[in-house]
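Participant: Take this structure first; my questions come after.
Here, each number is a calculation from the coordinates, and none is a lab measurement. None of the values given here were measured: they were computed from a predicted structure. Quick reminder, even Gly has a Cβ in these numbers, built from the backbone with ideal geometry, and neighbours come from all protein chains shown.
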Amino acid sequence: MASSATKTSRRFAQTEWGPERKKIVRILAATMLVEVVLQLIPALQSAMLGWNATEESQLNRWVYYMLLAGVIQIGLLGYMILFLDWATLWAATLGNLLFIAGYAGMFAILILSNGDNDVLSYLQLDLEQAPAGKQAMWCLVCMLMLIAQSFFSGRYARRWKRDH
């Protein structure tokens, strides 16, 4: 007679990880949260100034894109915390790499252009309020923070997969 119990593959079986792994994921998540908050400082400042303005002024496009990027990164953070596994750490690392590419592109545009680039005008970056050099350095700082985060989370994800 056939067994009525269903078999689950080992790959999809629920696994409970030890407190050491959970602690490291929480540390990585905390550093990722700090990075997201630091990246959102200019956008939040601009949004607060826009709300306090007396005239009808619209926020620049870059503010919306930065806030959207922050929401996506917080989603990756939640994914990393909810599903503790090496694959979710790897997914968060790959997500960070996409944001690194965006910051690197903006860094290159700000450094190489004279302020008359189509991307800069589309994003409505106000170069009179914050010069291109200051914005480029902000992109560099955000890029370096994300590179460090990606390095450590990717390295730990690889080590976790190898030990698994």
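Participant: Ranked by Cβ crowding within 10 angstrom, fewest neighbours first, how are Ile81, Ile27, Ile147 ordered?
Facilitator: Result, fewest neighbours first: Ile27, Ile147, Ile81.
Participant: Another question, if that's okay. Would you order Thr31, Thr88 from fewest to most other beta-carbon atoms within 10 Å of each residue's own beta-carbon?
Facilitator: Thr31, Thr88
Participant: Still on this structure: Extending each Cα 7 Å along its Cβ direction at Asp116 and Val34, get the distance between those two points in nm, one decimal.
Facilitator: 4.3 nm
Participant: Sticking with this one: Could you go through segment 64-75 in sequence order and give the Karplus-derived ³J(HN,Hα) for each residue, using 6.51 cos²θ - 1.76 cosθ + 1.60 with θ = phi - 60°, rounded to whole Hz, and x for Gly and Pro?
Facilitator: For segment 64-75, the Karplus curve yields 5, 5, 5, 5, 5, 4, x, 5, 5, 5, 5, x Hz.
Participant: Separate question: Of Leu38, Leu49, Leu68, which is the most mobile in a GNM of the chain whose springs link Cα atoms less than 10 angstrom apart?
Facilitator: Leu49
Participant: So what does log10 I(q)/I(0) come out to for segment 77-148 at q = 0.18 Å⁻¹, using the Debye formula with one equal point on every Cα and no solvent?
Facilitator: Rounded to two decimals, the profile gives -0.72.
Participant: For n ≥ 4 DSSP H runs only, could you compute -39500 (n - 2.57) per run for the chain, divide by its residues and tell me the 222 nm figure to the nearest 500?
Facilitator: Mean residue ellipticity at 222 nm (helix-derived): -26000 deg cm²/dmol.
Participant: What FRET efficiency comes out for the pair Glu20/Tyr79, r = Cβ-Cβ distance, R0 = 25 Å, nearest 0.05?
Facilitator: 0.75
Participant: Farthest toward the dipole's positive end in segment 54-156, which of Ile81, Leu98, Ser113, given Cβ charges of +1 (Lys, Arg) and -1 (Asp, Glu) about the Cα centre?
Facilitator: Farthest towards the positive end: Ile81.
Participant: Per residue of segment 44-50, what does 6.51 cos²θ - 1.76 cosθ + 1.60 with θ = phi - 60° give for ³J(HN,Hα)? Whole Hz please, x for Gly and Pro, Karplus curve as stated.
Facilitator: With coefficients 6.51, -1.76 and 1.60, one gets 5, 4, 5, 5, 5, 5, x Hz.
Participant: Mind sorting Arg61, Arg21, Arg162 by how few other Cβ atoms lie within 10 Å of their own Cβ, fewest first?
Facilitator: Lowest to highest Cβ neighbour count: Arg162, Arg61, Arg21.
Participant: Taking a ≥ b ≥ c as the square roots of the eigenvalues of the Cα gyration tensor of segment 19-164, is the shape rounded (a/c under 1.5), prolate (a/b larger than b/c) or oblate?
Facilitator: Working: a/c = 3.06, a/b = 1.92, b/c = 1.59.
Because a/c hits 1.5 or more and a/b exceeds b/c, segment 19-164 counts as prolate.
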